[in-house]
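Enquirer: Structure below; questions to follow.
Any read-out appearing in this document is the output of simple, stated calculations on the displayed coordinates, not a laboratory observation. Since we're looking at a predicted model, the values are computed, not measured. With ideal geometry, Cβ positions are generated from the backbone for all residues, glycine too; neighbour counts draw on all protein chains shown.
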Amino acid sequence: MAAQYAIMRFAKYKGPEISGIEAHNERTKEKYASNPDVDTSRTQHNFHLIEPKGRYRAEAERQIAEAGCRTRSDSVRLVETLVTASPEFFQGKKRSEIRAFFQTALDFIKEKQNPDTIISAVVHMDEKTPHMHLSFVPLTEDGRLCAKEIIGNKKKLTQWQDAFWEHMVGKYPDLERGISASETGRDHIPPRVFKEMTRLNKQREKLETMLHDVNVFNAKSKAKDICAFLDKYIPGVEKMDTQMKKYRAAFTDLKRENGALVRKNEALSAELKQSRQQSVLKKMSELQLQRDYEKAVAVLDRIPPEVLAVYAAPRTSSRQRERVPGR
């Protein structure tokens, strides 16, 4: 299955262009020559999670005036958030399931931004991939107009992406983060990789049990069952091998860090901030994933030569020979 990504993007608008954004989001045009992906025959399937009370620009100016903010011609008056996921994520999903996905995303935005500042949240179903346009006035908690403070610089945007992925993955565990690099420079390893390793661990334990009593005298008699099991096990190891290479940045210098991380973990106290604790525990889980993978490969070295000879020999099945990682 192809990777499925949770996607969130921000765009800032200062004035005249807001009317064009509104026309696109609210589908007030009759034709969309500049965007051939829009299928107007399906526009009726679009839906709002938050309906605008009036025109975007007028509503933004009203909120800004009520907050007592002074503006300049280059002041950002509207922030648009695009929320979607990889096309594969939506395949086979019912309308109610798609609505639930975007409602979950909306709930996240409401946690980060005053819900009263949200002008519109509309989901487009008339383009190739369902997506939501959520528009809000960038007013801070203390009533200042400051898009920079809300969505900020690269570091702030990274924090938004981290928090968004963590929120969405709680309900949709197969989703990966939209941007691969986190603030610390490590790749996010999606939960499904840990799940795959859990399954591989169980298979490894079974294989170890099968190999426990094998010796030169009974190897040939046990070879059939072991070979049949290897037909499932080796492809699993190969798949994990690919995953480990994909997320190799997360394992950079992990062996070197191991001792220090263990000491840090032991030294954690109630006074440590939760974010620091989560960071250490995340690294510890990555270390465990690396160790489990090494065990999954190492068990293959314990297969007796007599069994390997049977496994390598042509059999009645048309199965292609699988490559044993590390061999």
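Enquirer: If you add up the charges near Ser73, with Lys and Arg at +1 and Asp and Glu at -1, over every other residue whose beta carbon is less than 15 angstrom from its beta carbon, what do you get? Can you show the working numbers first?
Expert: Numbers: positive: Lys12, Lys14, Arg57, Arg70, Arg72, Arg77; negative: Glu17, Glu61, Asp74.
Taking every other residue near Ser73 into account, the sum is +3.
Enquirer: Report the net charge of residues surrounding Arg302, where surrounding means a beta-carbon distance below 12 angstrom and charges are Lys +1, Arg +1, Asp -1, Glu -1. Kindly include the intermediate steps, with their values, before the conclusion.
Expert: Working: positive: Arg204, Lys295; negative: Glu208, Asp301.
Result for the local shell: 0.
Enquirer: Give me D for the range 68-158 in µm² s⁻¹, whole number, from Stokes-Einstein with Rh from the Kirkwood sum over alpha-carbon pairs, 25 °C and 0.890 mPa s. Intermediate results must be reported in sequence, preceding the final value.
Expert: Working: Rh = 14.6 Å.
Once the numbers are plugged in, D ends up at 168 µm²/s.
Enquirer: Separate question: Taking the C-alpha atoms of the range 1-110, how large are the radius of gyration and the largest Cα-Cα span, Dmax, in Å?
Expert: 16.4, 52
Enquirer: Amide H to amide H, which residues 5 or more places from Ser120 or on other chains are under 5 Å from it, using H placed in the peptide plane?
Expert: So Ser120 has HN proximity to Ser135.
Enquirer: Could I ask something else about it? Please tell me which of these pairs span more than 30 angstrom C-alpha to C-alpha: Lys14/Lys112; Lys128/Lys232; Lys224/Lys295; Lys220/Lys245; Lys94/Lys154?
Expert: Lys128/Lys232; Lys220/Lys245; Lys94/Lys154
Enquirer: Here is a further query. If r is the Cβ-Cβ distance from Gln159 to Gln103 and R0 is 30 Å, what FRET efficiency results, to the nearest 0.05? Mind showing how you got there, number by number?
Expert: On the way: r = 23 Å, r/R0 = 0.76.
The pair Gln159/Gln103 has a calculated efficiency of 0.85.
Enquirer: OK, next. Using the number of other C-beta atoms within 10 angstrom as an exposure proxy, rank Thr129, Thr242 with the fewest first.
Expert: Details: Thr129 15, Thr242 10.
By the 10 Å Cβ count, ascending: Thr242, Thr129.
Enquirer: Using the Karplus curve 6.51 cos²θ - 1.76 cosθ + 1.60 with θ = phi - 60°, work out ³J(HN,Hα) for each residue of the range 168-175 in order, rounded to whole Hz, and write x for Gly and Pro.
Expert: For the range 168-175, the Karplus curve yields 6, 5, x, 9, 10, x, 7, 6 Hz.
Enquirer: Return the aspartates and glutamates within reach of Lys53: Cα separation strictly under 14 angstrom, same-chain partners fewer than 8 residues apart disregarded; answer none if there are no such residues.
Expert: Correct list for Lys53: Glu22, Glu26, Glu61, Asp116.
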